[in-house]
1. By per-residue mean of other Cβ atoms within 10 Å, what is the highest-first order of 177-184, 104-111?
2. Per-residue ellipticity at 222 nm for the chain, helices alone: DSSP H runs ≥ 4 residues times -39500 (n - 2.57), over residue total, nearest 500 deg cm²/dmol?
3. Which shape class, rounded, prolate or oblate, goes with the chain when its Cα gyration tensor gives a ≥ b ≥ c as root eigenvalues, a/c under 1.5 marks rounded, and past that a/b bigger than b/c marks prolate?
4. Tell me, what is the percent relative contact order of the chain, built from C-alpha pairs under 8 Å that lie six or more residues apart?
5. What does the C-alpha gyration tensor say about the overall shape of segment 270-369? Classify as rounded when a/c is under 1.5, otherwise prolate if a/b is larger than b/c, or oblate.
6. Express as a percent, rounded to the nearest 5, the fraction of DSSP beta bridges in the chain (both residues included) that run antiparallel.
7. Compute, for the chain, the length of the dipole vector about the Cα centre, with Cβ point charges of +1 (Lys, Arg) and -1 (Asp, Glu) only. Units Debye, rounded to 20.
8. Between segment 407-481 and segment 128-174, what is the C-alpha centre distance in whole Å?
Amino acid sequence: MNIRQYTLSTLALCFLISIIYGRINQAKVQPAKVHSYSLNAIADKENVIPMVIIGSGPAGLSAALYGARANVKTVIIQGEKPGGLLTETSYVENWPGRRPTLGAKLIDDAREQAKSFGAILVDDSVKSVDFSTWPFVLYTENGEKIRALTVIIATGARPRMLGVAGEQEYWGCGVTSCAVCDAPFYKDQEVVVIGGGDSAVEEALQLATYAKKVTVLVRKDRMRAAQSMQDHLTRFGSVAVVYNVEVQRILGDGVQVTGVELLNNQTNERFVMPINGVFLAIGHDPSTDIFKKWVKTDGQGYIKLTSRTQESSMPGVFAAGDVADSRYRQAGVAAGDGIKSALDAKAFLDDIGFSTAVSSRVSHAVREEQKEIVSIPAIITNDDFKREVEKSDLPVVVDFFAHYCPPCMRMLPIFEAVAHEYVGKIKFVKVDTEIGVELVERFFVRKIPCLIVFKDGQLVARYNGAMNKDELTSFIEKFIS
Ligand code: NDP
């Protein structure tokens, strides 16, 4: 066989393998059953929504604005983290037309704007979907079954973990991924931020005003963050960047983090850096697990889109924002995607003949949840603790929170709603960590929100991080006799 024949046969073999591999990959996704998309299918159905948006970050809220403003009944199921990752960043300085504005404020404004046109925001999460039938079916954490004529997936991405020893063990006891929430606990201490992207710079800037020393650990010989972001770091003498290092292990004394074991990937030297806190900022993975069976995704799990539209491989299902964007991942781009997805969904509804007249005959009973809440006693001192917790006949759940912490503020209404359901069975108490410093130190709270359960005055369980309503309910159920 000469070189030409060899090259041709190798190419043919590669071509064959890629076809087989493509088939195997495609086989994982349910074939896009050709739905009839006939409006007769909705005549006898309850709870049919023309446009359902899953996720409430910039993509979801922009889609909701355009859907509702086009006079289409639009429901947005907000998800476990209403507002998404933007609520966890500090100032956003690259939102067109706005001077630097807090991420949470941008989200609040977008939410109010969408609501002003009639979008309905539901405090619930979608736990599974069935796209084998049309209208599409969505099942929620709160037990709702919603039928949707079009679905816009805007579930964003979730923070990545390192996967090294000590990360899980010390989660909330020195390891965290939210500097906005936890930086004040590291006053005058030494911390590291892992990652070289814009998030790592954000975390370092948040920490710089509290910590004695912040070291950003970057695995390459350069940072990926925008130069303008990196330039901000030079304003702080307490921030250093170390390149070519990889975290091998997070070390601790059984209670809290004491250091990180690092590898210099240029010299192969291993060394220990003694520090008190590890802030992870190593990127995100798309939240597509429940959709992968129904729509095509790429090798990294991002939803594949059709040509220049936001439509997925399933007609009637669209995707917007980080869930379908491995390249740009900017809040502004996500908002643009959201707008395009709503325009595409509206065009789809027009194509199948969905009109205002049809809409008026359809049952769409989903309403914004009217939460019943109880007021929760706030405690500050050890004396308060003795009175409200130690002397209580009921088990007590204590929520450590702060007003500046977005996940805490998302969690507080959930805490209040669950407290309402368990009156007389379990007691709920809250500690504002900015003033309840005695209790923060006594129970070594280093990550908020932090829930601690006491029974007969004894600490029986602890959870570092936010929970949705179902998670909180099953967490406390164990302590009710
Ligand atoms: P990125 O994906 O941009 O960066 C992740 C960083 O983590 C990279 O430096 C990557 O290294 C590093 N990393 C990944 N895995 C590991 C690992 N196992 N160990 C060590 N390091 C690791 O994610 P970001 O969250 O920073 O940003 C996501 C998007 O959000 C970006 O588009 C960003 O621009 C945007 N953003 C914008 C902000 C703003 O404008 N204010 C603020 C925050 C985010 P490597 O480079 O070697 O791959």
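Just so it is clear, none of the values below were taken in a lab; they were calculated from the coordinates. Note that this is a predicted model, so its numbers are computed, not measured. Please note: Cβ atoms are built from the backbone with ideal geometry, for glycine as well, and neighbour counts cover all protein chains shown.
1. 177-184, 104-111
2. That calculation yields -8500 deg cm²/dmol at 222 nm.
3. oblate
4. It comes to 16 percent, rounded to a whole number.
5. prolate
6. Roughly 50 percent of the DSSP beta bridges within the chain come out antiparallel.
7. Result for the chain is approximately 1420 debye, rounded to the nearest 20.
8. 23
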